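Visitor: Once you've had a glance at the structure underneath, I'll fire off some questions.
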């Protein structure tokens, strides 16, 4: 039954191939993609259930024993993130038909979409560093395909920067893997971890660790490497922005989380202290970026960065509570970022502009949209009882327990500023004089149909917050599990 | 009890469905029932034999977030205020808000607020308390923005939200800190381990965080500035949230933690100084206002300051007076707000310069107003409750005898004088409010509407409150034994009982009251003579200017900071990223002593390899200095072919073949693409840029080389590759080990590598073929 | 020899990065190509050079060069090829549609 785990990566790959053949039959490909996504969602849920009852699934591909073949490690953390990915994907695939132009749909949107899911899921599941690189390339290549889809002027310009930066960091990634391989003679994460701990992470290993950090931090958009992020994220179609905002940086964060809890835990005084400082700077500079603009899409894009700071904070503090906070925040952020990008997509669509200064009184015509946005703002700012609060609370608890006052204060300040940056959209865009008619009355029908996937995402965030009791215990176990890398090693390498 | 707190939330969910019937029956009627029910439910706890009640309902036990309710005298006092005034305000709003307004929204926010407020005062669990705390800020935000087509409403809503959420977040920090130290989320249990908190290194920080939360919510100086702007909300809201209940949440919080925090001398210094400052500043500024609600807003600020100051004193008498005044203030200020609403409703104006002489037109309202405002002024009549608590305040200030030194001692001597000063202005604005509105010359023509007495329904609520003023004044014992005493004891931490008398003899407090009366009258009569003082203090240097500047600067400097580095220049981004990588990684290498050089484990140096390397280096540099695009591309090809030759020499035949093919195709592609693009331009950047680029690239290259050398010198384990050599034929059935690894041992890599190529092909196809209309152009 | 190769690969990174920091697209793309060459050379060097025969099983030989880095490089070369091709087409389209091949003119500050 453990082969089902591979199916969570292979199924989207197959879906990508199948949908590529139907690129000219729009209706068919839409329905097909929606069905495929739902099947995958169901599949992942089944695997999650299996893992939660029977424990971690180790899949040795080609039946070559670890550490020699590539292993997929289906632990609770990985599979939970795969599930979240698929939830986000499902929301996006139902939002897509109304949001995309027909041309975009017929030029392989759905294939790229499935490859992205495949790459992201693979990156979460793999237990092999080089394989992680390959999945990074899969998801990046899919993202290149998605970001250029449409061929707009600004779109191509920003895509170019996006591709170049990622290309550079990919090359740094393989080189760093090679360095590590030279020292420890393995690319299997469990074995690498075992060997690094055996020699107490001496000599060059910490330096290599920092190179890994920079590779992942570039993808995750940690200070001071996030410059490339905001603009490329707003040029493509909203549904693409949503996928990017929800998934791409999170893969980077996940990799840091994995590598710096499993492998490089020997010099935490140095590495993790650096993370704490970087986390604080990431939060503050990110939210400053969000306050700097009147473009609503850009505001949301910038708000990715402080969230990354919050997650880094937990990794830096490095305690059970803080890591649980990071995981909770990660799950929450995937869902809420998708919802927000989809929301601002609709807002810009119905308003006919993404410039906040040109909007006014939208709530009188689009009350549901307005209240959804309001709730999403609260979730993002971490107001209880929504899901953002749970993660934030754990992070603050973890931070105060270790007396990391500075980063806790930074997190509180940035929470306030996040709220400010988002509520501006509500106050200036939604409130105001009632206009006689909405700016584009003909668009309200499509807008309404695009709203309900968001409703699903928002109910999940509410559920994650109000019903935290159903989820938190298992997240807490994940935090505990991350603090004990030996469990991971033992499950992969059986002797 | 859980149901009582959740009732407003539950009803709120159903409010939107009521909108169908709203034209037949005002939604307010349904809503009024909610606080009435809650009031009745809790009123049964009143009585001399009251004992605290505790109830626990689980919510998120794994996070220690449970509905742990603790009903003591203090919470009971607040609950009765919330539900009692809530009922009156809801009833009043039926007449105040016309059916054509968005009543559904209004009542949803209203109920959200009421539920959250009940939650605050009942929660013993700090996280749940914080949850409700933020919800009151949010519902206040929505209520202030109820008439959001007005600029002022939006401004006020944002201001109140920013300030109160700022406070909320610091409160969260303080609460989490305390629960971390004591290992519990229950306030009662925290207080039972108060030494842990009081002796903690970070106690000053904790105190600051908690007090910031309380001060922002209760509009204490200098955070009071949101309250006057909150007056944009409909008047029932002002009466309810911004005078009787929400702004007292901060007071409640301080009172809740009082038994623990007041042990610290800093608590006394900060809280009482801030309270007195707020009292004086608020009452001083109230006289300057021209909007009726503006006067009341500043008056609320000053009264809250007075209560806060009393809590800061921390003495038995002061706390008793504070608790008593919480109740009294709610009665007279609630009614005054409703009166201001009536005036506004019936005349169409709240500008005191246009109003005047309304006594003849609104006689009942005027009667209510005179009682309420005289009670607020503390005029010594036995039927005005304001006088009782005001005199207790004086008494507490004079008799306060804390054994303190330093600043605290100075403050202690100053306080009685400041208390009198603040109260003089309180007297002045009370008179100003009443006489300015109801006496003097009437100029009806200037008013938007012809004034007449308000409908009975609208008068009921203020009348009940004024009745309360009188009853408490005449029969203080009626409420003292059954519940003021319990509230005071809860806030004090042990029994705090006192008899309330009208006449104490010629005590210092009474003399102070008389002083206030005399000087207040003189000052009131001579307002025109000294009003110009407001041009000097605060003059133009107001806190509002500061706030506006702060908000505006936050946005402006954010823009400046962000644009200074996020300028869209790829070169800039790469430079910044590389500098970070080089500096931090080199730093790490230096700190951990990572660099090692081991000449022991090297293969021999041969001439032809060195030659190839030299050619490759020259070619690589050649790509930089090449002036012609074709030349540059071909030189790049030289590097690629050189690499292929190295692959041959280093026994990697498959790599060499692949590299040759890939390089050839790539060069062809390069030529194809760049043939259509402009030729290379000479390097014309400044020498500074050139040097910088050089330093960065050399630094990065050096870093990689050094890490590579160290990594090579540091081989600590045997490679896993021996497995592949041993098993290539046995398990993979092939002689070419590299191929077997690719297609078998690491087949998953190859599968997805092919997938990458496939996506690339599709993306390129889409790039070339998709010529959509460029929407943004 | 490994040290010389490390220096060579480092030089490829240096020149690659220097090109990446230029304004003109062609130079930038050349820079990325140099960086991938450098990366591949690093991987090869990390597997120890010339410690045995080419990794093709032959009777009588039991000492082979480390095959794993070679496999990794092969995967990486193919992936780089895919990305470079895409990049080339993208560069072409982007500079045609924007009318310039100068990255400094492709900043795009029109969002504020």
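Visitor: Could you work out the mean count of beta carbons from other protein chains within 10 Å of each residue's beta carbon in A:470-479? Intermediate results must be reported in sequence, preceding the final value.
Guide: Values: counts 2, 2, 5, 4, 1, 1, 2, 0, 0, 0.
Counting other chains' Cβ atoms within 10 Å and averaging over A:470-479 gives 2.
Visitor: Need one value for B:596-603: mean number of C-beta atoms belonging to other chains within 10 Å of its residues' C-beta atoms.
Guide: Neighbouring Cβ atoms belonging to other protein chains average 3 per residue here.
Visitor: Between region C:8-45 and region A:288-343, what is the separation of their alpha carbon centroids in Å?
Guide: 33
Visitor: Counting other beta carbons within 10 Å of each Cβ, put C:15, A:268, A:451 in order, fewest first.
Guide: By the 10 Å Cβ count, ascending, the order reads A:268, A:451, C:15.
Visitor: Okay, next question. Mind checking Rg over Rh on region A:327-408, alpha carbons, Kirkwood formula for Rh?
Guide: 1.12
Visitor: Here is a further query. Using only alpha-carbon positions, what ratio does the radius of gyration of region B:717-777 give when scaled by 2.2 N^0.38 Å?
Guide: Compactness ratio reported: 1.91.
Visitor: May I pose another question? Sorted by average packing, counted as other Cβ atoms within 10 angstrom per residue and highest first, what order do A:146-156, B:459-469, B:406-416 take?
Guide: The densest-packed peptide leads the list: A:146-156, B:459-469, B:406-416.
Visitor: Taking the Cα atoms only, what angle lies between the long axis of helix A:109-125 and the longest principal axis of chain A, rounded to 10 degrees?
Guide: The angle comes out near 30 degrees.
Visitor: Can you give me the distance in nm between label points at residue A:463 and residue B:607, each placed 7 Å from the Cα along the Cα-to-Cβ direction?
Guide: 7.5
Visitor: Calculate the radius of gyration of the Cα atoms of region A:3-492 to one decimal place, then report Dmax, the largest Cα-Cα distance, as a whole number, both in Å.
Guide: Expressed in Å, the Cα Rg and Dmax of region A:3-492 come to 21.4, 73.
Visitor: Related question: Dividing the convex hull volume of the alpha carbon atoms of region B:126-191 by its residue count, what do you get in Å³ per residue?
Guide: Once divided by residue count, the hull of region B:126-191 is 59 Å³.
Visitor: Per q in 0.15 Å⁻¹, report the Debye log10 I(q)/I(0) for region B:430-585, using one uniform scatterer on each alpha carbon and no solvent.
Guide: -1.23
Visitor: For the ranges A:17-28, B:527-538, B:110-121, C:72-83, what's the packing order if you count other beta-carbon atoms within 10 Å of each residue, average per peptide, and put the highest first?
Guide: Top to bottom by mean Cβ count within 10 Å: B:110-121, C:72-83, A:17-28, B:527-538.
Visitor: Helix-derived [θ] at 222 nm for chain A: sum -39500 (n - 2.57) over DSSP H runs of at least 4, divide by residue count, nearest 500?
Guide: Value at 222 nm, helices only, nearest 500: -25000 deg cm²/dmol.
Visitor: Turning to a different aspect of this structure: Express as a percent, rounded to the nearest 5, the fraction of DSSP beta bridges in the protein assembly as shown (both residues included) that run antiparallel.
Guide: Looking only at bridges with both residues in the protein assembly as shown, the antiparallel portion is about 95 percent.
Visitor: Once the cut-off is 20 Å, how many percent of the Cα-Cα pairs in region B:284-355 end up in the long-distance tail?
Guide: On the way: 1019 of 2556 pairs.
The share of Cα pairs beyond 20 Å in region B:284-355 comes to 40 percent.
Visitor: If you don't mind, another one. So what's the Cα pair-distance distribution over region B:571-716, bin width 5 Å, in %?
Guide: 2, 8, 11, 14, 17, 18, 15, 10, 4, 1, 0
Visitor: Next question. On a C-alpha basis, how far is the centre of region B:503-517 from the centre of region B:35-93 in Å? Whole number, if you could?
Guide: 37
Visitor: Do you know the relative contact order of region B:426-563, to the nearest whole percent, from alpha carbon pairs under 8 angstrom that are 6+ apart?
Guide: Worked out over region B:426-563, it gives 28 percent.
Visitor: Then there is this: Starting with the fewest neighbours, write out B:226, B:281, A:371 ranked by other beta-carbon atoms found within 10 Å of each beta-carbon.
Guide: A:371, B:281, B:226
Visitor: Arrange the peptides B:688-701, A:294-307, B:712-725 so that the one whose residues have, on average, the most other Cβ atoms within 10 Å appears first. Mind dumping the intermediate values first?
Guide: Values: B:688-701: 17.4, A:294-307: 26.3, B:712-725: 19.4.
Averaged packing, sorted descending, gives the order A:294-307, B:712-725, B:688-701.
Visitor: Give the Kirkwood hydrodynamic radius (Å, one decimal) of region A:237-306, defined as one over the mean of 1/r across all pairs of different Cα atoms.
Guide: Final number for the Kirkwood radius of region A:237-306 is 13.7 Å.
Visitor: Helix A:367-381 versus the longest principal axis of chain A: what angle, 0 to 90°, nearest 10, using Cα atoms?
Guide: Approximately 30 degrees, to the nearest ten.
Visitor: If r is the Cβ-Cβ distance from residue A:2 to residue B:726 and R0 is 41 Å, what FRET efficiency results, to the nearest 0.05?
Guide: That pair, residue A:2 with residue B:726, gives E of 0.95.
Visitor: Take A:161, B:450 and order them by how many other Cβ atoms sit within 10 Å, fewest up front.
Guide: B:450, A:161
Visitor: How high is the relative contact order of chain B, in percent, with contacts defined as C-alpha pairs under 8 Å that are six or more residues apart?
Guide: 10 percent.
Visitor: For region A:35-187, just list the percent of Cα-Cα distances falling in each 5 Å bin from zero outward, please.
Guide: 2, 9, 14, 17, 18, 15, 12, 8, 4, 1, 0
Visitor: Another question, if that's okay. Starting from the Cα-Cα distance between residue B:383 and residue B:621, subtract it from 0.36 nm times their residue separation and give me the gain in nm to one decimal.
Guide: Answer, rounded to one decimal: 76.0 nm.
Visitor: Specify the angular offset, from 0 to 90 degrees and rounded to the nearest 10, of the alpha carbon long axis of helix B:2-18 from the longest principal axis of the alpha carbons in chain B.
Guide: 80
Visitor: Now for a separate question. For all pairs of alpha-carbon atoms in region B:1-261, what percent lies in each bin of width 5 Å, listed from the first bin to the last filled one?
Guide: 1, 6, 13, 17, 18, 16, 12, 8, 4, 2, 1, 0, 0
Visitor: Provide the three semi-axes, in whole Å and in decreasing order, of the ellipsoid equivalent to region B:49-203 as defined by the square roots of 5 times the Cα gyration tensor eigenvalues.
Guide: For region B:49-203, the semi-axes come out at 33, 20, 12 Å.
Visitor: Note the direction-averaged projected area, equal to a quarter of the hull surface, for the Cα convex hull of chain B, in nm².
Guide: 49.7
Visitor: Another one. Given N residues in region B:267-531, what is its alpha carbon radius of gyration divided by 2.2 N^0.38 Å?
Guide: 1.01
Visitor: What are the equivalent ellipsoid semi-axes of region C:16-112, built from the alpha-carbon gyration tensor (square roots of five times its eigenvalues), in whole angstrom, biggest first? Walk me through the numbers before you get to the answer.
Guide: Details: eigenvalues 334, 33, 16 Å².
So the three semi-axes of region C:16-112 are 41, 13, 9 Å.
Visitor: Can you compute the equivalent ellipsoid semi-axes for the protein assembly as shown, i.e. the square root of 5 times each eigenvalue of the Cα gyration tensor, sorted largest first and rounded to whole Å?
Guide: In descending order the semi-axes read 67, 32, 28 Å.
Visitor: Say R0 is 56 Å: what FRET efficiency, to the nearest 0.05, do residue A:403 and residue B:668 get from their beta-carbon distance?
Guide: After rounding to 0.05, the efficiency reads 0.35.
Visitor: Provide a whole-number value for the mean count of partner chain Cβ atoms within 10 Å of the Cβ atoms in peptide B:166-174.
Guide: 5
Visitor: Label points 7 Å out from Cα along the Cβ direction at residue B:563 and residue A:270: separation in nm?
Guide: Modelled inter-label distance: 4.2 nm.
Visitor: Please report the relative contact order for region B:108-198, taking Cα pairs under 8 Å with a sequence separation of at least 6, and give it as a percent rounded to a whole number.
Guide: Normalised by residue count, the contact order of region B:108-198 is 27 percent.
Visitor: Starting from the Cα of residue A:434, move 7 Å in the Cα-to-Cβ direction to define the label point; list residues of region B:82-105 whose amide nitrogen is under 14 Å from there.
Guide: Answer for this model: B:98-105.
Visitor: Can you give the FRET efficiency to the nearest 0.05 for residue B:449 and residue A:470, using r as the Cβ-Cβ distance and R₀ = 60 Å?
Guide: Result of the calculation: an efficiency of 0.60.
No value in this document is a laboratory result; all are computed from the given coordinates. If you're wondering where the values come from, they're calculated on a predicted model, not measured in any experiment. So basically every Cβ, Gly included, is an ideal-geometry build from the backbone, and we count neighbours across all protein chains shown.
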